[in-house]
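Enquirer: Here it is: the structure, laid out below.
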Amino acid sequence: MKEVKIETILQVFTDVNELSKDIQNLMATAIEARENAYAPYSKFNVGAAILLDNNEVVIGSNQENACYPSGLCAERTAIYYAGAKYPKAKILKMAITASSQNQLTDKPIPPCGACRQSIAEYEIKQDQPIELYFMGAEGKVIRSNSLANLLPLLFENSVL
Ligand code: THU
């Protein structure tokens, strides 16, 4: 038996003002997108904004459904929209923000496992890391320079 230690490195910023202007703008677009979340069941609004290498910005927000599993997270709404609209473009950066309608969300909210797996697919497809920034409604922002940092031992298509 051999034990394997997996480490990851993330950057933690005090708030959005500590980020570069372009990331502040991308996060502002994600906050705007969050306003269009359809979350009557969870009351938890999530917004995502993606910057592509063709300079286009694509957004997404969570869209819920009375049949709960039919809804979709903001990150996947955005990344599938990017894949559908600009299939040849590379995804450079993604900003994510979440805000509960019931309480102040002042902690960074990381993407769920299914969203990580979906984002990983595009990172592998484009052979270039996707930079991720995530926050709550206010406060700290976490940066990861690649999705791979958030999903060790991912399932990937090379095994198929
Ligand atoms: N949600 C997202 O949009 N992204 C995540 O990564 C986690 C959860 C949404 C799904 C659902 O509409 C609500 O947040 C509560 O889970």
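Enquirer: Ile119 - would you say it is within 9 Å of the chain's Cα centre (by Cα), within 11 Å of the ligand (Cβ to nearest atom) and surrounded by 18 or more Cβ atoms within 10 Å (Cβ to Cβ)?
Expert: When the stated conditions are applied, Ile119 passes them.
Enquirer: Let me ask you something else. Going residue by residue through region 34-47, is there one that turns out to be closer than 17 Å to Gln117 by Cα and buried (at least 21 other Cβ atoms within 10 Å of the Cβ)?
Expert: If we filter region 34-47 for residues that are closer than 17 Å to Gln117 by Cα, which is where we start, we get none.
Within region 34-47, not a single residue is closer than 17 Å to Gln117 by Cα and buried (at least 21 other Cβ atoms within 10 Å of the Cβ).
Enquirer: Also, I was wondering about something else. Might you let me know whether region 52-68 holds any residue that is away from the ligand (no atom under 12 Å from the Cβ), under 18 Å from Tyr38 (Cα atoms) and crowded, with 24+ Cβ neighbours inside 10 Å?
Expert: Taking region 52-68 first, the residues away from the ligand (no atom under 12 Å from the Cβ) are 52-59, 66-67.
Checking the rest, the ones that are also under 18 Å from Tyr38 (Cα atoms) come to 58-59, 66-67.
Now restrict to residues that are crowded, with 24+ Cβ neighbours inside 10 Å: 58.
Within region 52-68 (the criterion being away from the ligand (no atom under 12 Å from the Cβ), under 18 Å from Tyr38 (Cα atoms) and crowded, with 24+ Cβ neighbours inside 10 Å), the answer is yes, since at least one residue qualifies.
Enquirer: Just to be sure, is Pro152 of a type outside the set (D, E, K, R), closer than 30 Å to Lys5 by Cβ and either in a strand (DSSP E or B) or within 13 Å of the chain's Cα centre (by Cα) (or both)? Before the answer, list the steps.
Expert: Numbers: of a type outside the set (D, E, K, R): yes; closer than 30 Å to Lys5 by Cβ: yes; either in a strand (DSSP E or B) or within 13 Å of the chain's Cα centre (by Cα) (or both): no.
Judged against the criteria, Pro152 is not a match.
Enquirer: Hey, which of the strands (runs of 3 or more DSSP E) in region 1-75, taking only ones fully inside, have at least 1 residues that are under 18 Å from Met135 (Cα atoms) and within 12 Å of the chain's Cα centre (by Cα)? Spell out the reasoning first.
Expert: Numbers: elements: 11-13, 44-52, 57-61.
Answer list for region 1-75: 44-52, 57-61.
Enquirer: Quick one: what pairs do we get from region 99-125, first residue part of a strand (DSSP E or B), second of a type in the set (Gly, Ala, Ser) and surrounded by fewer than 19 Cβ atoms within 10 Å (Cβ to Cβ), C-beta under 6 Å, 6+ apart or different chains?
Expert: Ser99/Ala137
Read-outs: derived from the displayed coordinates by stated rules, not from any lab. Just so it is clear, the structure is predicted and the values come from calculations on it, not from any experiment. Positions of Cβ are backbone-derived with ideal geometry, glycine not excepted, and every protein chain shown enters the neighbour counts.
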